[in-house]
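The values are calculated or read from the model by the stated rules, or taken from the named source; none is laboratory data. All of these numbers come straight from a predicted model, not from anything done at the bench. Using ideal geometry, Cβ is built from the backbone for each residue, glycine included, and neighbour counts are taken over all protein chains shown. Surface areas here come from the heavy atoms of the whole protein model, side chains and all, with no ligands, DNA or RNA. Shrake-Rupley method; radii C 1.70, N 1.55, O 1.52, S 1.80 Å.
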Amino acid sequence: MSQDNNKKGHSVNPAASEDGISKGLANYGDRGFSLFLRKAFIKGAGYTDSALERPVIGITNTGSSYNPCHGNAPQLIEAVKRGIMLAGGLPMDFPTISIHESFSQPTSMFLRNLMSMDTEELLRAQPMDAVVLIGGCDKTVPAQLMGAASAGLPAVQLITGSMLTGSYRSERVGACTDCRRYWGKFRAEEIGAEEIAEVNSQLVASVGTCSVMGTASTMACIAEALGMTVPGGASPPAVTADRIRVAEQSGTIAVEIARKRLTIDKVLTEKAFENAMRVLLAIGGSTNAIVHLTAIAGRMGFEMDLKALDRMGRETPVLLDLKPSGQHYMEDFHHAGGMATLLRELKPLLHLDALTVTGRTLGEEIEAAGPGFKQDVVRTAKNPIYPQGGIAVLQGNLAPGGAIIKQSAAHPKLMEHEGRAVVFENLEDMANRIDTPDLDVTADDILVLKHIGPKGATMPEAGYMPIPKKLAIAGVKDIVRISDGRMSGTAFGTIVLHVTPESAIGGPLAYVQSGDRIRLSVEKRELSLLVSDEELARRRAAKPVVVPTASRGYRKLFLQSVTQADQGVDFDFLMPPMTTKIPKT
Ligand code: FES
């Protein structure tokens, strides 16, 4: 007789435990029957009673044929399960929405909040004592951290890891900074159709996330800085043994935090968010991460103070020499020691007493990583690649709620610039006109694109407007661009983003006309439309905006509930009342 048969009838009394498999019973009006039924069904999958007595650890399975950034999900899940079982837990993987940047129409941003709701509700609905969140591609880690923050369980973030770099005619290439660079060359007619097709096969050399400091890598570093990954969890590439070991450790840690009841609110504290902001600035991270970090913090009741973030930026140098701000790739960062090397250098600016999922503090984990070694990817604070944080927050009559610019990826000469606006009313207008030979534009002008904010177009990464073809052919590599949209973290240029309030709800951007003068001063943090208030009021009265709506479905919910960039583009009904402004620095 098996050990299990000795336990026939065991633990169908729901009062016996509120943990593990007994947690959160389906409501039949009879809790005993609910548990009896649950156990009957799960035993149909071959589980024993002794297995069902263990702490249950959920694993979000975000593997999908549409998501090559998560192409290693099966191997990761296997390793997580091993770690959970070695620590005495019961692994239960389950599918959630998976989002890939290139396979999400109209935008991945449209789906981020849906994924966060899916994650939150499945963490609530299904019995688990802790969860391992497997995410990687840009919107997935933010969505999972938002959902887990709201669900309140003990949680560990497991990053899928970056892709390997490829080689094109012996030049090292990787998605997606090099995708844009080569596409720019193609548009400028520096290379032909054959060459661009060849490079297309080399840009993504394996499964995994983009290999530069784009949004995915930024969010991986931020997740570790928040204390939400195991130490060293941000940097191992997707197809390495190190990544698999991180997965196993994540499973083991998940069992430990389930036993200790180390809920996510003990890790996602104000200090943890301040540490994450420091890291975002010091890595020259993606501008998208500001929106995501604001949304995650918002779920904990913390309101991101963009002006204070800008002040932090002035005293936080960019130390990480990765594309698009620098020259290396994520795998080089890993070889250079990963986040431990960066955090060691940033120590004077960090809250070292912030708790991590290991149950130890960030400072203790930095100490445990041992001394640094000679490498050329993470610079010292005395020899940064950029003296200030990578991102500056702008204000002015064109962006009363703020706008941002990634100054570390901008052209130094254009950061103090006044020019004539060349306005595109929306994406379609831009697509129709930007490459026409008769477009009235010079390299000194400022391109303005409207209606790509949260309500206008679900905030696509279209803020990286292409250089008009006639300028590109003439050799122009950068031009000031302004929009209420986002841009990929892998992009570069003098590009002002997240103009708030957006044009679709009547922000001043809606009333800019071609020929207006605009002044950008990154030094003064200024973004000004040089048009009088009276003239703007006249334009507003002449053409009131019609805020976009939808008649049904998720789009209706999105357009009704989405907030502006300065609130994280989250849904208003998912955000608790804000209790504390961060950073306090
Ligand atoms: Fe997935 Fe870049 S497309 S990380």
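So residue 222 fits all but one of (1) over 30 Å from residue 168 (Cα atoms); (2) open to solvent by 20 Å² or more (accessible area, probe 1.4 Å); (3) within 16 Å of the ligand (Cβ to nearest atom); what number is the exception? Result: residue 222 fails condition (2) only. On the given criteria, is residue 112 open to solvent by less than 30 Å² (accessible area, probe 1.4 Å) and among the charged types (D, E, K, R)? Yes. The set of residues from segment 130-151 being within 25 Å of residue 18 (Cβ to Cβ) and either in contact with a Lys or Arg (Cβ under 7 Å, 6 or more places away or on another chain) or surrounded by fewer than 24 Cβ atoms within 10 Å (Cβ to Cβ) (or both) comprises 149, 150, 151.
Based on what the data block shows, is residue 431 among the aliphatic types (A, V, I, L, M) and closer than 30 Å to residue 387 by Cα?
So residue 431 does not fit the description; no.
For residue 545, the conditions (1) modelled with pLDDT of 95 or more; (2) under 18 Å from residue 484 (Cβ atoms) are fulfilled apart from (1). Among the helices (runs of 4 or more DSSP H) confined to segment 268-367, the ones with at least 1 residues that are of a type in the set (S, T, N, Q) are located at 270-282, 288-299, 339-346. Taking segment 153-177, which residues are over 20 Å from the mean Cα position of the chain (by Cα), of a type outside the set (Ser, Thr, Tyr) and more than 13 Å from residue 208 (Cβ to Cβ)? Selection gives 153, 154, 169, 171, 172, 173.
Tell me the helices (runs of 4 or more DSSP H) entirely within segment 22-107 that contain at least 3 residues that are open to solvent by less than 60 Å² (accessible area, probe 1.4 Å) and more than 19 Å from residue 122 (Cβ to Cβ).
Working: elements: 31-43, 49-52, 73-86.
Fully inside segment 22-107 and qualifying: 31-43, 49-52.
Looking only at segment 416-435, which residues are closer than 16 Å to residue 519 by Cα and open to solvent by less than 20 Å² (accessible area, probe 1.4 Å)? Selection gives 419, 421, 422, 423. Counting only residues that are without any contact (Cβ under 8 Å) to a residue 60 or more places away in the chain, within 16 Å of the ligand (Cβ to nearest atom) and part of a strand (DSSP E or B), which one in segment 132-191 is nearest to residue 290 (Cα to Cα)? Once the filter is applied, the top-ranked residue is 173. Of all residues in segment 207-233, those that are within 19 Å of residue 164 (Cβ to Cβ) have Cβ atoms under 7 Å from Cβ atoms of residues that are more than 16 Å from the ligand (Cβ to nearest atom) and not in a helix (DSSP H, G or I), 6 or more apart or on another chain, in 213/284; 213/320; 213/325; 232/338. Among the residues of segment 185-202, the ones that are open to solvent by less than 40 Å² (accessible area, probe 1.4 Å) and either of a type in the set (Ser, Thr, Tyr) or out of contact with any Lys or Arg (no Cβ under 9 Å at 6 or more places or on another chain) (or both) come to 1 in all. Since residue 93 meets every condition but one in (1) closer than 19 Å to residue 137 by Cβ; (2) touching a Pro at 6+ places or on another chain (Cβ under 7 Å), which condition does it not meet? Condition (2) is where residue 93 drops out. Any chance segment 517-525 includes a residue that's surrounded by 18 or more Cβ atoms within 10 Å (Cβ to Cβ) and more than 30 Å from the chain's Cα centre (by Cα)? Yes, there is a match, as at least one residue in segment 517-525 is surrounded by 18 or more Cβ atoms within 10 Å (Cβ to Cβ) and more than 30 Å from the chain's Cα centre (by Cα). When each of 238, 205 is tested for being assigned to a loop (DSSP other than H, G, I, E, B), within 16 Å of the ligand (Cβ to nearest atom) and open to solvent by less than 10 Å² (accessible area, probe 1.4 Å), the lone residue that passes is 238.
Would you point out the residue of segment 452-466, among those that are open to solvent by 10 Å² or more (accessible area, probe 1.4 Å) and in a loop (DSSP other than H, G, I, E, B), that is nearest to the ligand (Cβ to nearest atom)? It comes out as 461.
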